[in-house]
1. Quick test of your reading of the structure: Lys77 fulfils all but one of (1) free of Cβ contacts under 8 Å to residues at least 40 places away in the same chain; (2) more than 16 Å from Trp27 (Cβ to Cβ). Name the failing condition by number.
2. Restricting to region 12-50, name every residue that is modelled with pLDDT of 80 or more, in contact with a Phe, Trp or Tyr (Cβ under 9 Å, 6 or more places away or on another chain) and either in a helix (DSSP H, G or I) or exposed (fewer than 10 other Cβ atoms within 10 Å of the Cβ) (or both).
3. When region 109-155 is examined, which residues are found to be surrounded by fewer than 12 Cβ atoms within 10 Å (Cβ to Cβ), among the polar types (S, T, N, Q) and within 25 Å of Val97 (Cα to Cα)?
4. Would you please name the residue that is farthest from Ala147 (Cα to Cα), looking only at residues in region 82-102 that are among the small types (Gly, Ala, Ser) and outside any loop (DSSP other than H, G, I, E, B)?
5. Give Ala75, Ala79 a once-over and let me know the one that is part of a strand (DSSP E or B), among the aliphatic types (A, V, I, L, M) and buried (at least 21 other Cβ atoms within 10 Å of the Cβ).
6. If a residue must be farther than 30 Å from Leu89 by Cβ and either touching a Ser or Thr at 6+ places or on another chain (Cβ under 9 Å) or assigned by TED's automatic domain parsing to the domain that holds Ala90 (or both), how many such residues does region 133-176 contain?
7. Just to be sure, is Phe92 in the same structural domain as Glu32 (by TED's automatic domain parsing) and touching a Gly at 6+ places or on another chain (Cβ under 8 Å)?
8. Suppose we filter region 116-149 for residues that are farther than 28 Å from Ala39 by Cβ and acidic (Asp, Glu); how many remain?
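The values are calculated or read from the model by the stated rules, or taken from the named source; none is laboratory data. Small disclaimer: the values here were computed from a predicted structure and weren't measured. Cβ placement follows ideal geometry from the backbone for every residue including glycine, while neighbour counts extend to all protein chains displayed.
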Amino acid sequence: MGKIALWAAAALGLGVMAGAARAADSWNLPGEEVSRFDAKAVDVMCVLTGDCPADCGGGRRVMGLLRDSGELVLATKNAGPFTGTAHDLAPFCGQTVTADGLFTINYGVKTFALQFVRPQGGEWRGANAFIREWAAARNLTTKDDKAKQWFRNDEMIGALIEEQGKLRLKDKGITP
């Protein structure tokens, strides 16, 4: 009985340690590939055109990850619903981070879904900064149902739907 308890404790300890290291979860995407790599957080438009506002646009520009090899990784999705990576990567503008997530190819375009990010020498963070910031601005927690479905509860989205209709066809006399 003592050996079984020892093996169980060892297995539990390994499971806890593995969880602390963070690892991307499968989303069952076509051709998905779990990946972890170091890269510099960059403003994609800056890299491509030389138009480089301060702080990578302060969360208003598309962010990417520039590897030492020169490869620009399009980090188009984070762990939140209908949100990108700008709020997760902009705080690290120009800094090297460790990114953990999923590569996928859709219609020949390879993109990266960021699930976790860690600044050099720092702690892992879940890639859901937009949801955290949206909820905090409304005195909610990320566990609140309104925050989980922020896109149904956002004031700006509601105003646009009221003005233009769900399909932006209201001014054409078409309503769903």
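1. Looking at each condition in turn, Lys77 falls short on (2).
2. Selection gives nothing.
3. Within region 109-155, just Gln120 meets the criteria.
4. As a first pass, look at region 82-102 and keep what is among the small types (Gly, Ala, Ser): 84, 86, 90, 94, 99, 101.
Going one step further and asking which of them are outside any loop (DSSP other than H, G, I, E, B), we end up with 86, 90, 99, 101.
Working: Ala86: 18, Ala90: 21, Ala99: 24, Gly101: 23 Å.
Residue satisfying both the conditions and the ranking: Ala99.
5. Numbers: Ala79 fails: part of a strand (DSSP E or B).
Sole residue among the options that is part of a strand (DSSP E or B), among the aliphatic types (A, V, I, L, M) and buried (at least 21 other Cβ atoms within 10 Å of the Cβ): Ala75.
6. So in region 133-176, the residues farther than 30 Å from Leu89 by Cβ come out as 162-167, 169-176.
Filter again for either touching a Ser or Thr at 6+ places or on another chain (Cβ under 9 Å) or assigned by TED's automatic domain parsing to the domain that holds Ala90 (or both), leaving 165-167, 169.
Looking only at that region, the number is 4.
7. No.
8. Residues flagged as farther than 28 Å from Ala39 by Cβ and acidic (Asp, Glu) within region 116-149 amount to 2.
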